[in-house]
Amino acid sequence: MDALLIDKHVKYIQSLGENTDDLMYHLTAHLRLNAIYWGLTALFIMGHPEALVKEDVIAFVMSCWDDDEGAFGAHPGHDAHVLPTLSSIQILVMYDEVERADKERLVSYLAARQNPSGSFSGDRWGETDTRFSYITLQALELLGRLDAIDKEKAVAHIRRCKNYDGGFGATEGAESHSGQVFVCTAALTILDRLDEIDQPNLAWWLAERQLPNGGLNGRPEKLEDVCYSFWVLSALSILHKLKWIDSDALIRFILSAQDPDGGGIADRPGDMVDVFHTVFGLCGLSLLGHPDVREINPIYCLPAEIAKKRGLHMNYQVLGKDEA
Amino acid sequence: MSHGVKRARESADVVAARREKERSKLNAYLELTDDVLARKRASAFTQESFDLTTKLLGLNPELYSIWNYRRLILLNGLFPNLSPEGIFTLLQSELNFTTGALKVHPKVYWIWNHRRWCLANVPPGPDGAPVEKSWKRQMWTRELFIDERMLEADARNFHAWNYRRNILASDPGLRTLQDELTYTKKKIEASFSNFSAWHQRSKVYTALWEEGSSAEDVRKVKDTEFEFVQQALYTDPGDQSAWLYHRWLIGNGEDLPVLKREIAAIEELLSVEPDSKWCLETLVHYKRLLTSRSHMDETELAALKKETNVMLEKLQGIDPKRRIRYQELGM
Ligand SMILES: [Zn+2]
């Protein structure tokens, strides 16, 4: 399979909201806002943002507002958490409707997630993870309020999660993982502190994620998976080292994980597709300069044109663009 | 997010039949969800509501808001009527409930979180008991046991490793750092490619040395570690886990005699495995460390650069996926 099946992927994403008599649809309610963000981002970079009805999407986002806490939950009636809160803000930003949200309450909810050590919790129950540092920082930057937290402490916490291999873990002492490498690299970019990264070492570790079949894994001696196309590539793109892997082999791997009948992209060839692997496969193709996909900004995982219009950080590499 | 589920092409008829069969299950699930969310909105902190959360979380442990509600019921509805002993017993049954859920869903963050919360809420007691007999110690001991079963089922599960570090940090009296070295060694010997265990081992040593070890002690320990990691390198020179650990032991090459000794040992392995990518890659890295660590004159530097460039050229051939990196390093 060497063609990117844009039309099928657009139809696949459109069909996701139609499965409401499927049990699986309801068992994933806790991911609904994330899923809409993933689908919408995929549609934007495929050039079909109109494939979802804007007013319906925004109405759903607003119905997930948790008025007790002042942030978004994953589904109507679910509790506020930074994960769906970032997805909501990203969706509103993509539609240029961020003014619809109660910015003041959002900023105070997000700022309250920072702990005295500089780490961030996902909600008031206190789980900490470097994912939440990134999520909160991005959300605050999109709201134009990075000043609401202690940036020095945020950097210090990420520094404590750095390992000798150049990678980052979820918490202090945790093993390096490409997902955490992405969030920490992007968070340090947002904080203008890329100097904290041991760049040659980290880029080497990331390049070693590529396996003989072209796919990327998340940690040493693990299997390949399409979603790592984004976690690994986004960090390599921020470090301007995308050429340190074999892009043709990775493009072939991502394309081979498409479902040629129903559309969508899976974790591996022959597996069930889902919107998560679809968007991250497309984002990987975008960074590798695939001509049929528009540019993604890997720092925020938002369409580049939108990030540019809002004056966000734009320093990253895309293959085939402004490259010698 | 689905991982490792094979794609099955379902015809419209098959889908319709499956949905028909699932319909009653689906309706029951939706009814239960609505009921529990309505109780949550009404702040109903009763035993009945608690039991319904058990039922719902059994069907779907990803419902983080329902775990939150369950904790609110415990705090506001159930704990206030219980003695410390009663709270301890209830938290034990809470842990049993999540153990069952973890067996089916070992990677669901919310289940691990709920365990952490339970442990943090164990009351002090029983009255007058020494630390070794305290409820907290009993609970943490059991947690460590369960965590080890989880790591037997999947030796790379990072949730279980993170939880393990959390257990050891929460009750430092439970295990000595030496015990943890024994454990990581056991895991590594079961599989040299278990990088999670090598990683943990590097963290334990770091903690041990921070407690205060002489340079001489550190050096002795490192020597035995170099011997240990050699076994792994010889068993499978293509496994990156052991090479990464070797790099950690070398660090920035501060110990020049050790750096030189290890370079010689890898050159020996290379003579047996002339096409070993990791031997060549590591030698290039260590030889570059050598130039920054020792005082070399112009001719020595030129010779070393030539030598590493020959290796980098060879790497371009045997590891073409990373060809450009080797090219750049040679410039
Ligand atoms: Zn995946």
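When the Cα centres of the stretch B:112-182 and the stretch B:1-34 are compared, how far apart do they sit, in Å?
For the stretch B:112-182 versus the stretch B:1-34, the Cα centre distance is 38 Å.
Ignoring ligands, DNA and RNA, what percent of the accessible area of chain A is carbon or sulfur (1.4 Å)?
Numbers: 5460 of 10810 Å².
Ligands and nucleic acids excluded, carbon and sulfur reach 51 percent.
Please give me the summed charge of the neighbours of A:Asp248: other residues whose Cβ is under 15 Å from its Cβ, Lys and Arg +1, Asp and Glu -1. Don't jump to the answer; show the numbers that get you there.
On the way: positive: A:Lys243, A:Arg252, B:Lys321, B:Arg322, B:Arg323; negative: A:Asp2, A:Asp246.
Net charge around A:Asp248: +3.
With just the Cα atoms defining each centre, how far is the stretch A:219-252 from the stretch A:22-86? Give it in Å.
Going from one Cα centre to the other spans 27 Å.
For the stretch A:240-324, state which GluC sites (Glu not before Pro) are in a DSSP loop and have at most 16 other beta carbons lying within 10 Å of their beta carbon.
Details: sites: A:Glu295, A:Glu305, A:Glu323; in loops: A:Glu295, A:Glu323.
Here the GluC sites (Glu not before Pro) that fit, given the DSSP loop and packing criteria, are A:Glu323.
At R0 = 25 Å, how high is the FRET efficiency between B:Ala38 and A:Asn19 if r is their beta carbon distance? Nearest 0.05 is fine. List each step's numbers first, then the result.
Details: r = 25 Å, r/R0 = 0.99.
With R0 = 25 Å, the Cβ-Cβ based efficiency is 0.50.
Show me B:219-226, B:64-71 ranked by packing, highest mean number of other Cβ atoms within 10 Å first.
Numbers: B:219-226: 14.5, B:64-71: 23.1.
Listed from highest to lowest mean packing, they are B:64-71, B:219-226.
Please compute the per residue accessible area over the stretch A:103-185 with all protein chains in place, 1.4 Å probe, rounded to a whole number of Å².
Values: 2570 Å² over 83 residues.
Counting only protein heavy atoms, the per-residue value for the stretch A:103-185 is 31 Å².
For a 26 Å ceiling on Cα separation, which of these pairs sit above it: A:Lys8/A:Lys309; A:Lys162/B:Lys107; A:Lys11/A:Lys103? It would help to have the intermediate numbers written out before the result.
Details: A:Lys8/A:Lys309 29 Å; A:Lys162/B:Lys107 23 Å; A:Lys11/A:Lys103 34 Å.
With Cα atoms farther than 26 Å apart: A:Lys8/A:Lys309; A:Lys11/A:Lys103.
Between A:Arg252 and B:Arg219, how many nm apart are label points set 7 Å from Cα along the C-beta direction?
Result for the modelled spin labels: 5.1 nm.
Calculate the FRET efficiency for A:Arg294 and B:Ala265 from the Cβ-Cβ distance with a Förster distance of 60 Å, rounded to the nearest 0.05.
Values: r = 51 Å, r/R0 = 0.85.
It comes out at approximately 0.75.
Pairwise over distinct Cα atoms, reciprocal of the mean inverse distance: report the Kirkwood radius of the stretch A:248-324 in Å, one decimal place. If you can, show how the numbers build up before the last one.
On the way: mean 1/r = 0.0753 Å⁻¹.
Hydrodynamic radius (Kirkwood, Cα only) of the stretch A:248-324 equals 13.3 Å.
Find the all-direction average of the projected area of the Cα convex hull for chain B, expressing the result in square nanometres with one decimal place.
Details: hull surface 99.7 nm².
Averaged projected hull area, Cα only: 24.9 nm².
Summing +1 for each Lys or Arg and -1 for each Asp or Glu, what net charge is found among the other residues whose Cβ lies under 12 Å from the Cβ of B:Glu307? Please report the intermediate quantities before stating the final value.
Working: positive: B:Lys287, B:Arg288, B:Lys305, B:Lys306, B:Lys314; negative: B:Glu267, B:Glu300, B:Glu313.
Charge balance near B:Glu307 sits at +2.
Determine the principal axes of the Cα atoms in the stretch B:123-190, then give the extent along each, sorted from largest to smallest and rounded to whole angstroms.
42, 22, 15
For n ≥ 4 DSSP H runs only, could you compute -39500 (n - 2.57) per run for the protein assembly as shown, divide by its residues and tell me the 222 nm figure to the nearest 500?
On the way: 29 runs with 390 residues, N = 655.
For the protein assembly as shown, the value works out to -19000 deg cm²/dmol.
Taking the Cβ of A:Ser286 as the centre, find all other residues whose Cβ is under 9 Å away and add up their charges (Lys, Arg: +1; Asp, Glu: -1). Don't skip to the answer; put the middle values down first.
On the way: positive: A:Arg294; negative: A:Glu295.
Here the charged neighbours net out to 0.
In square nanometres, what is the average projected area of the Cα convex hull of the stretch A:1-74? Mind showing how you got there, number by number?
Numbers: hull surface 24.5 nm².
Value for the stretch A:1-74: 6.1 nm².
Which FRET efficiency value, to the nearest 0.05, is calculated for B:Leu72 and A:Ala111 with the Förster distance at 35 angstrom and r the Cβ-Cβ distance? Walk me through the numbers before you get to the answer.
Working: r = 24 Å, r/R0 = 0.68.
Calculated transfer efficiency: 0.90.
Work out which residues of the stretch A:14-30 lose at minimum 50 square angstrom of accessible surface when the other protein chains are put back, relative to the chain isolated, with a 1.4 angstrom probe, and list them by number.
Those are A:Asp21, A:Asp22, A:Leu23, A:His26, A:Leu27, A:His30, which lose 50 Å² or more relative to the chain on its own.
Using the Kirkwood radius over Cα pairs, work out the Stokes-Einstein diffusion coefficient for chain A at 37 °C and 0.692 mPa s, in µm²/s as a whole number. It would help to have the intermediate numbers written out before the result.
Working: Rh = 19.8 Å.
In µm²/s, the coefficient rounds to 166.
Give me the orientation-averaged projected area of the Cα convex hull of the stretch B:1-150, in nm², one decimal.
Projected area, direction-averaged: 11.1 nm².
Would you please classify the overall shape of the protein assembly as shown from the alpha carbon gyration tensor, given that a ≥ b ≥ c denote the square roots of the eigenvalues, rounded means a/c under 1.5, and beyond that prolate means a/b larger than b/c while oblate covers the rest? Please report the intermediate quantities before stating the final value.
Numbers: a/c = 1.80, a/b = 1.23, b/c = 1.47.
Note, shape of the protein assembly as shown comes out oblate.
How many angstrom lie between the C-alpha centres of the stretch B:229-262 and the stretch A:268-324?
37
The values are calculated or read from the model by the stated rules, or taken from the named source; none is laboratory data. Bear in mind the structure is a predicted one, so any value in this text is a computation, not a measurement. Backbone-built Cβ (ideal geometry, glycine too); neighbour counts: all protein chains shown. Keep in mind that these areas ignore ligands, DNA and RNA; they rest on the heavy atoms of the full protein, side chains included. Shrake-Rupley method; radii C 1.70, N 1.55, O 1.52, S 1.80 Å.
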